[in-house]
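Novice: My questions all concern the structure below.
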Amino acid sequence: MAILNEVKKNYGKLKNYINGQWVSSTSSQVYDDINPATGEVIATIPSATDGEIESAISAAQNALAVWRGVPLRDKARYLFDLRGKFEEHADRLMRILIQDHGRTIGEATGTIRRCIENIESACSALLLLTKGEYVTDLARGLDQALIWEPRGVFLIVTPNNIPMHAWSSFVPYAIASGCPVVVSPSKVDPVCMDAVFKVTEEVAGFPKGLVNLVHGGGDVNQKILSHPAVKGVGFIGSTSVGRMLFDQAGKLGKEASINGNGKNHVVIMPDCDADTVVDGLKRGCYGMAGQRCLGSDNLLFVGDAYDAVKDKLIEASGQMKLGYGLDESTQLGPLVSAKGRDKVLRFIETGISEGARVVLDGRNPDVPGGEKGFFLAPTILDEVDIDMQIAREEAFGPVVNLIRARDLDQALDWINNKDDYGHSGCIFTRSGAVARKFTQEADVGNIGINVPVPQPYAFFPLGSKNASAQGVAKSRIDSMRLFLDQKTITARWA
């Protein structure tokens, strides 16, 4: 198996991107960006100053009128050029994502494809969803029209688990809607966003200030959102941080699309095909080291499904190869940060203290060359009760809870009533009637039937519900509702 080269060993001190220029920050507050597979510092990140934040917002304001005056067909062509740039630089973006976040080659390649699909979807939305409506002779001599207008400048906050995908879930749609953006990436893996902006700046048709990048995290986000010129926020991350931004947006009368945590469940019925289930669970539970929004850690076994799947799952999970994602043979990369790994280790300890039994222990794995990395191997906890803390809180790591349910009704009751989330739910069954019942009764926004990760394509919204999402619109194509406002025109000419 080949081992791919890193794009760079170290990316130095990152700069902000403001008004079409890379600007060195004057901030004395600096953070380290660490390669999670090696534990090595690969970049330093400044926290943007108030002056730099003001400059980014001012640049975005100036770009609003300029971009609005660009003909529709030209906007579509520039967006399609952006798609081409992502295709051109796909390999480089993939390798940077692996180095900065910890993905495997397959996972990182899939992420770049999802980004390209979102840009394609935004191109379609630009041509189809920005059209207005017109009615003649609504009354005698009276015509009425509805037009869509860009709301203005938006803050986009990207998380550490899906930095590039989150960018693509908002920014191309903001551009399609006519809204300039100020992007604030996670401090954990900001080299990813630096790379995305270096690709974006190659699109010659984008005016200066249409897309801006400032580093710094929480304090910076609150300062940007509080600025009078900023009309709202698109956010993917933790529910706790999302609610803070949602509350701030509400108090300021601004728009918000907030995508937060989830506690996702997989129901496994007795009529399932055990081999298909195990193959799917390896992706659904351990993909991206368990740091996937739509990943699952609660497996709800109905009846004999437990006996059919348990041993096969333990065996297959224990055989997964850990390592640096640039190695083609790696099946499971590290967690994105030491803090994230330690949180998952505490999650496991909590489960043990509550009475769960460890049947596959992935703590302290042996990863040659990755001794300083943030690795955790697949871990399976058996004899988990649905009322345990570990069954109600998101693990966000490669940890699986085995829970036995009496029947489908009990499993649905647990999904709907044991936590406040509503991100996703999956079921493995050969019965159409069972699948239909699950689809209708599971109070979650994304349903999977015989698939481990119910990932909607870009031209569908991420349909999360309850505490997993707040705001005027979901992400992806539905974010057009976040960025566009309505205006009606009533005219009498006769």
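The values are calculated or read from the model by the stated rules, or taken from the named source; none is laboratory data. Values in this document were obtained by computation on a predicted structure and should not be read as measured data. Quick reminder, even Gly has a Cβ in these numbers, built from the backbone with ideal geometry, and neighbours come from all protein chains shown.
Novice: Just to verify a result, which residue in segment 327-386, among those that are among the acidic types (Asp, Glu) and assigned to a helix (DSSP H, G or I), is surrounded by the most Cβ atoms within 10 Å (Cβ to Cβ)? Step through it out loud before you land on a result.
Specialist: Our first condition is that a residue be among the acidic types (Asp, Glu); within segment 327-386, this holds for 327-328, 342, 349, 354, 361, 366, 371, 382-383, 385.
Those still in the list that are assigned to a helix (DSSP H, G or I) too: 342, 349, 354.
Details: Asp342: 13, Glu349: 12, Glu354: 16.
Among them, the one singled out is Glu354.
Novice: Right, next: Going through segment 74-106 one residue at a time, which ones are without any contact (Cβ under 8 Å) to a residue 40 or more places away in the chain and either among the hydroxyl-bearing types (Ser, Thr, Tyr) or crowded, with 19+ Cβ neighbours inside 10 Å (or both)?
Specialist: Across segment 74-106, the qualifying residue is only Met94.
Novice: Between a first residue in segment 373-395 that is on the phi > 0 side of the Ramachandran plot and touching a residue at least 12 places away in the same chain (Cβ under 8 Å) and a second residue that is crowded, with 21+ Cβ neighbours inside 10 Å and aliphatic (A, V, I, L, M), which pairs have beta carbons less than 7 Å apart while being 6 or more apart in sequence or on different chains?
Specialist: The qualifying pairs are Glu383/Ala356.
Novice: Okay, moving on. Suppose we filter segment 35-63 for residues that are under 17 Å from Gln21 (Cα atoms) and out of contact with any Leu (no Cβ under 6 Å at 6 or more places or on another chain); how many remain?
Specialist: Within segment 35-63, residues that are under 17 Å from Gln21 (Cα atoms) and out of contact with any Leu (no Cβ under 6 Å at 6 or more places or on another chain) number 15.
Novice: Find the strands (runs of 3 or more DSSP E) located wholly in segment 210-296 whose residues include 3 or more that are closer than 19 Å to Pro190 by Cβ and assigned by TED's automatic domain parsing to the domain that holds Phe483, and list them.
Specialist: The qualifying strands (runs of 3 or more DSSP E) are 211-213, 230-236.
Novice: Looking at segment 22-44 only, could you name the residues that are touching a helix residue (DSSP H, G or I) at 6+ places or on another chain (Cβ under 9 Å) and either among the aliphatic types (A, V, I, L, M) or farther than 23 Å from Ile98 by Cα (or both)?
Specialist: Trp22, Val23, Ser25, Thr26, Ser27, Ile34, Ala37, Ile42, Ala43, listed by residue number.
Novice: What are the pairs with Cβ atoms under 7 angstrom where one residue, in segment 209-234, is surrounded by fewer than 22 Cβ atoms within 10 Å (Cβ to Cβ) and the other, located anywhere, is at pLDDT 95 or above and basic (Lys, Arg)? Sequence gap at least six, or different chains.
Specialist: As it stands, the answer is Gly217/Lys187, since those pairs meet every condition given.
Novice: If you don't mind, another one. Would you say Val203 is in a strand (DSSP E or B), at pLDDT 95 or above and in the same structural domain as Phe80 (by TED's automatic domain parsing)?
Specialist: It is false that Val203 is in a strand (DSSP E or B), at pLDDT 95 or above and in the same structural domain as Phe80 (by TED's automatic domain parsing).
Novice: State which residue pairs qualify: first residue under 18 Å from Gly295 (Cβ atoms) and in contact (Cβ under 8 Å) with a residue 60 or more places away in the chain and inside segment 413-434, second residue surrounded by fewer than 15 Cβ atoms within 10 Å (Cβ to Cβ) and of a type in the set (D, E, K, R) in any location, beta carbons under 6 Å apart, and separation of 6 or more residues or different chains.
Specialist: If the second residue must be surrounded by fewer than 15 Cβ atoms within 10 Å (Cβ to Cβ) and of a type in the set (D, E, K, R), the pairs left are Gly422/Asp443.
Novice: Count, please, the residues in segment 110-154 that happen to be surrounded by 23 or more Cβ atoms within 10 Å (Cβ to Cβ) and over 20 Å from Ile477 (Cβ atoms).
Specialist: 1
Novice: Among the residues of segment 18-40, count how many are in contact with an Asp or Glu (Cβ under 7 Å, 6 or more places away or on another chain) and hydroxyl-bearing (Ser, Thr, Tyr).
Specialist: The number of residues fulfilling the criteria is 1.
Novice: Then there is this: Restricting attention to segment 299-326, report how many residues are assigned to a helix (DSSP H, G or I) and either among the aromatic types (Phe, Trp, Tyr) or under 18 Å from Gly284 (Cβ atoms) (or both).
Specialist: The number of residues fulfilling the criteria is 12.
Novice: Just name the residue that is surrounded by the fewest Cβ atoms within 10 Å (Cβ to Cβ) out of those in segment 400-423 that are in contact with a helix residue (DSSP H, G or I) (Cβ under 7 Å, 6 or more places away or on another chain) and over 20 Å from Thr239 (Cα atoms). First the steps, then the outcome.
Specialist: So the first thing to find is which residues in segment 400-423 are in contact with a helix residue (DSSP H, G or I) (Cβ under 7 Å, 6 or more places away or on another chain), and the list is 400-405, 408, 412, 418-419.
When the remaining residues are screened for being over 20 Å from Thr239 (Cα atoms), the result is 400-405, 408, 412.
On the way: Val400: 28, Asn401: 25, Leu402: 22, Ile403: 22, Arg404: 18, Ala405: 24, Leu408: 20, Leu412: 22.
Filtering first and then ranking leaves Arg404.
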